[in-house]
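For reference, the structure discussed in these notes is given below.
Readers should treat all values here as calculations from the given coordinates under stated rules, not as data from a laboratory. Note that the structure is a prediction, hence the values are computed from the model and not measured. Because the Cβ atoms are built from the backbone with ideal geometry, glycine has one as well, and the counts that use them run over all protein chains shown.
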Amino acid sequence: MSPQRRYLSGLLAILVSTVVFVIPFAFILLTALKDKKESALRSFSWPASFHLWDNLVQVIQARDYMLLTAFLNSTILTVVSVTLMVVFGAMVGFVLQRRPSIWTSIASFFVLVGLIMPPAVVPTIWVLQSLGLFKTLHGMILIEVAYGLSFSILLFRAFVATIPRELDEAATIDGAGPLQLFFRIILPLLKPVVVTVIVVQSVAIFNDFTNPLYYLPGKQNVTVQLTLYNFQSMFDTSYNLLFMNVLLITIPPLIVFLFFNRQIVAGMTAGAVKG
Amino acid sequence: MTLATAASGGRVSVPKRSIRTPYPTWFFLPAAVIYAVLFLFPTLASLFFSMTRWTLFNWTFIGFDNFVQFFKEPFLVQGLVNTLIYAAVTSGLKVVLGLLFGMLLTSEIWARDYLRSVVFFPVLVSTVGVGITFTVLMHPTQGLINESLALIGLPGPGWLTNPRLALLSVALVDVWKGVGLATVIYIAGIVSIPRDYYEAARIDGADAVQRFWNITLPLARPATVTVVLLSLIGGLRSFDLIWSMTRGGPGFTSDVIASVIYKQYQAGFYGLSTAGNVVLFVMVALIIVPLSIALNRREVAR
């Protein structure tokens with residue numbers, strides 16, 4: 001490409017992508033800064049007066065500080081379920097890659113099923129209810145683990161293949177049991193893929209709306225996505241508050257994006273170039 | 001062997017350890033229990049409960065009545081058809097646009113990093129948030145999209161209020177949000193193609209179009225397979241975007257199976273809702289399994 005064409009096509013691409021992909025976010029930001037009356041016009045315009053602080057306080061105070069509860073719940077849900085997913089998923093991925101047997105073929109089959117099949121919602125509610133886990137954060141955590149395991153196992157198995165077996169043998173000869181081998185030798189070596197799994201699954205769980213909608217109803221246990229959904233009908237006429245909420249919920253993924261962009265892309269494109 | 005037997009009289013633990021594998025099958029156990037109890041068992045149970053009238057506490061077996069109803073009620077059938085349309089439109093557009101963006105963003109274009117970030121970021125944003133934002137942007141009279149169209153003299157349609165358009169509008173937003181993922185998958189696929197092939201083709205006199213059809217497209221095939229399968233799986237079970245934008249409306253015109261399942265669940269028809277879930281399984285299995293076998297086989301044949 002000639003330099004002139006390069007700049008021209010680049011300029012055009014920047015223009016189009018800004019209109020298509022940046023303006024919706026700018027709209028969120030601008031609307032979140034307006035007052036109620038101005039935001040109701042739905043226009044893409046510079047705010048006549050700024051109400052960042054007012055809107056923030058009002059959104060946080062709404063419904064007895066529901067948003068704070070929601071952020072707390074979502075944080076607990078994300079941290080605990082991702083931790084469990086990493087440990088259990090890495091254990092499975094490790095053995096799955098190292099030891100072909102009838103169990104590993106069965107496990108591989110179920111990993112695929114878990115990747116493809118949508119969950120059966122009402123029977124799951126029934127099971128949760130009989131276990132006393134319906135409408136509890138504990139139950140929700142286990143659900144996220146169950147649904148996210150397949151993808152994590154896939155990533156871990158692929159990465160374990162790059163760790164030489166000689167390491168296992170050396171550790172075993174030195175007297176390490178399976179648990180020591182896994183937690184002291186293998187898991188530390190898996191660090192790059194652990195970071196990838198943490199980042200990708202955290203974003204997925206933090207943004208999960210459908211599963212909490214089914215398995216975690218009720219005011220006590222709201223997550224951030226459910227709060228946003230509730231506010232959608234509650235703030236029907238107060239777009240400034242609604243979009244302040246959207247803005248707040250967009251900040252955590254933005255932070256993750258700024259710091260872990262590479263790992264996210266690595267995790268999400270895994271398998272794309274296996275050919 | 002004799003040593004082991006001899007030792008087993010005295011200290012048992014030492015020989016046992018030397019026999020034990022460092023890769024014990026019980027490592028599967030924690031994951032397997034959670035998966036089996038909360039995913040596998042409910043899935044199997046759904047096959048039974050889809051044939052019942054069910055209140056969660058007791059059930060009456062009614063055979064295939066739920067399924068008959070599913071295929072007889074026009075709005076339920078509409079949900080079925082809509083699911084297929086939605087999945088086909090979203091994954092088709094993601095493949096085409098993803099490949100286009102992928103090629104653009106692996107070329108020597110200016111501000112490549114900025115463009116990649118901008119296209120990819122919506123993937124990470126809350127679907128409900130995106131749904132709410134676009135519901136406002138797509139407002140028939142005051143929305144930014146139609147106001148901009150009016151500026152250049154085009155009459156904007158009622159994106160979400162026109163029954164014939166609502167489903168497609170949501171599908172477009174789905175593409176807006178998801179095309180970044182398709183793009184990065186294609187970028188990874190295209191970057192892995194050796195540059196020499198393009199050099200050789202150039203020397204042989206192949207123009208850009210020929211290079212695309214004979215090098216990029218066939219060699220980016222694993223990426224295409226991934227994008228097609230991922231977006232079909234996502235499209236068939238899609239719920240949150242549709243629910244946050246139209247609730248399946250106007251009428252039932254943008255209902256998909258996943259939203260039908262939720263509506264029946266809300267109405268307390270647990271058996272019917274579960275039957276919808278089984279229909280969804282069957283549909284996903286019938287589409288994804290043969291497709292992935294076919295796509296992967298042709299890849300091997302190459």
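Assuming charge only on the beta carbon of Lys and Arg (+1) and of Asp and Glu (-1), the dipole of the stretch B:73-301 about its Cα centre is about 240 debye to the nearest 20.
Straight-line cross-link reach from A:K135 at under 14 Å between alpha-carbon atoms covers these aspartates and glutamates, not counting any fewer than eight positions away in the same chain: A:E144.
Kirkwood hydrodynamic radius for the stretch A:95-177: how many Å is it when counted over pairs of different Cα atoms?
Numbers: mean 1/r = 0.0651 Å⁻¹.
Radius from the Kirkwood sum: 15.4 Å.
For the stretch B:91-119, the residues whose amide N sits under 16 Å from a probe point set 7 Å from the Cα of B:A201 along the beta carbon direction are B:99-108.
Evaluating kT/(6 pi eta Rh) at 10 °C and 1.306 mPa s, with the Kirkwood radius of chain A over Cα pairs in the Stokes-Einstein relation, gives 73 µm² s⁻¹. Distance between Cα centroids, the stretch B:84-157 to the stretch A:192-235: provide it in whole Å. Using only Cα atoms to place each centre, the spacing works out to 23 Å.
Taking A:L179, A:L96, A:L216 as the candidate residues, the one with maximal mean-square fluctuation in a Gaussian network model of chain A, Cα springs under 10 Å, is A:L179. Based on the Kirkwood approach, the hydrodynamic radius assigned to the stretch A:201-275 is 14.3 Å, with every pair of different Cα atoms included.
When the Gaussian network model of chain B links Cα atoms closer than 10 Å, the mean-square fluctuations of B:F269, B:F28, B:F134 top out at B:F28.
Select from the stretch A:132-213 those trypsin sites (Lys or Arg not before Pro) which occupy a DSSP coil region and have at most 16 other Cβ atoms within 10 Å, ordered by residue number.
On the way: sites: A:K135, A:R157, A:R165, A:R184; in loops: A:K135.
Counting only loop positions with at most 16 other Cβ atoms within 10 Å, the trypsin sites (Lys or Arg not before Pro) in the stretch A:132-213 are A:K135.
In summary, the protein assembly as shown shows an alpha-carbon radius of gyration equal to 1.05 times the 2.2 N^0.38 Å reference for compact globular proteins.
Report the charge-dipole magnitude of the stretch A:52-268 in Debye, nearest 20, computed about the Cα centre from +1 at each Lys and Arg Cβ and -1 at each Asp and Glu Cβ. If you can, show how the numbers build up before the last one.
Values: 10 positive and 9 negative charges, 53 e Å.
Using Cβ point charges on Lys, Arg, Asp and Glu, the stretch A:52-268 gives about 260 debye.
Where the alpha-carbon atoms of the stretch A:15-124 are placed on the principal axes, they occupy 68, 42, 28 Å, in descending order.
Per residue of A:131-141, what is the mean number of Cβ atoms on other protein chains within 10 angstrom of that residue's Cβ? Intermediate values should be presented prior to the final figure.
Numbers: counts 2, 0, 2, 1, 0, 0, 0, 0, 1, 0, 1.
That average works out to 1.
Just checking the listed ones, B:V33, B:V173, B:V125: in the Gaussian network model of chain B with Cα springs under 10 Å, the one fluctuating most is B:V33.
The label point for A:E166 and the one for A:V22, both projected 7 Å from the Cα toward the Cβ, are 5.2 nm apart. Computed over all pairs of different Cα atoms, the Kirkwood value for the hydrodynamic radius of chain B is 23.3 Å.
Under 17 Å of direct C-alpha separation, and excluding same-chain neighbours fewer than eight residues apart, B:K177 reaches these aspartates and glutamates: A:D208, B:D240. When only the Cβ of Lys, Arg, Asp and Glu is charged (+1, +1, -1, -1), the dipole of the protein assembly as shown relative to its Cα centre reaches about 860 debye.
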